[in-house]
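Notes for the one structure printed next.
Every number in this text was worked out from the coordinates using simple rules, so none of it is lab data. What you see is a predicted model; the values in this text were computed from it and never measured. As a convention, Cβ positions derive from the backbone with ideal geometry for all residues, glycine included, and neighbour counts pool all protein chains shown.
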Amino acid sequence: MYTFETKLRVRYSETDQMGYVYYGNYASYFEVARVDMLRSIDLSYKAMEESGIMMPVLELKSKYIKPAFYDDLLTVKVIIREIPQTRILFNYEITNEAGLLIHLGETTLVFVNMETKRPCNCPEILLSKIIANFKN
């Protein structure tokens with residue numbers, strides 16, 4: 001298993017009339033965490049795309065447990081439980097400043113060769129870095 005955590009602060013524009021984080025913003029929070037995770041292992045989406053691989057989202061799941069509010073400092077934990085092949089599954093746990101679990105999420109992304117537009121295996125550079133940080 002590989003885990004990574006990042007923090008983000010809820011902006012006013014991300015809340016709805018009730019003062020809660022608007023439900024659609026959680027997908028953005030997941031993306032922020034994925035991008036930060038890649039950067040933490042010296043990779044980036046940009047570099048992967050420049051090498052000819054893109055990673056579109058195939059599936060997204062969200063479970064809303066408690067609301068987040070304007071100016072809350074959230075911790076987004078990214079968990080990779082399986083070594084990726086042609087797909088990579090990310091799980092997310094979002095907690096608030098009190099450490100309370102407020103949201104669970106999951107995204108499945110597929111590796112796609114940009115030239116052929118067909119699924120392909122996980123790039124070796126990403127695979128080797130995930131394996132090097134993987135803990136049972």
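Quick one: of the DSSP bridges fully inside the chain, what percent are antiparallel, nearest 5? Expressed as a percentage, antiparallel bridges in the chain total about 100.
For the chain, take the longest principal axis of its alpha carbons; what is the angle in degrees between that and the long axis of helix 25-40, to the nearest 10 within 0 to 90? With both axes taken from Cα atoms, the answer is about 50 degrees.
The gain in end-to-end length when the L100 to I83 segment is fully stretched comes to 3.3 nm, 0.36 nm per residue minus the alpha carbon separation. Lysine pairs in region 2-133 whose alpha-carbon atoms fall under 20 angstrom of each other, counting only those eight or more residues apart or on distinct chains, come to 9. For Cα extents along the principal axes in Å, one of (i) 45, 29, 22; (ii) 47, 33, 32; (iii) 46, 32, 22 was computed from the structure I shared and the rest are decoys. Which label? Working out Cα extents along the principal axes in Å from the coordinates points to (iii). Once the Cα-Cα distance is subtracted from the 0.36 nm per residue extended length, the V35 to L127 segment shows a gain of 31.6 nm. Spin-label model, K46/N113: points 7 Å from Cα along the beta carbon direction are separated by 2.7 nm. Helix 124-133 and the longest principal axis of the C-alpha atoms of the chain enclose an angle of approximately 60°. What number, in percent, do you get for the relative contact order of the chain if the mean sequence gap of Cα pairs under 8 Å and at least 6 apart is divided by its residue count? The normalised contact order for the chain reaches 30 percent.
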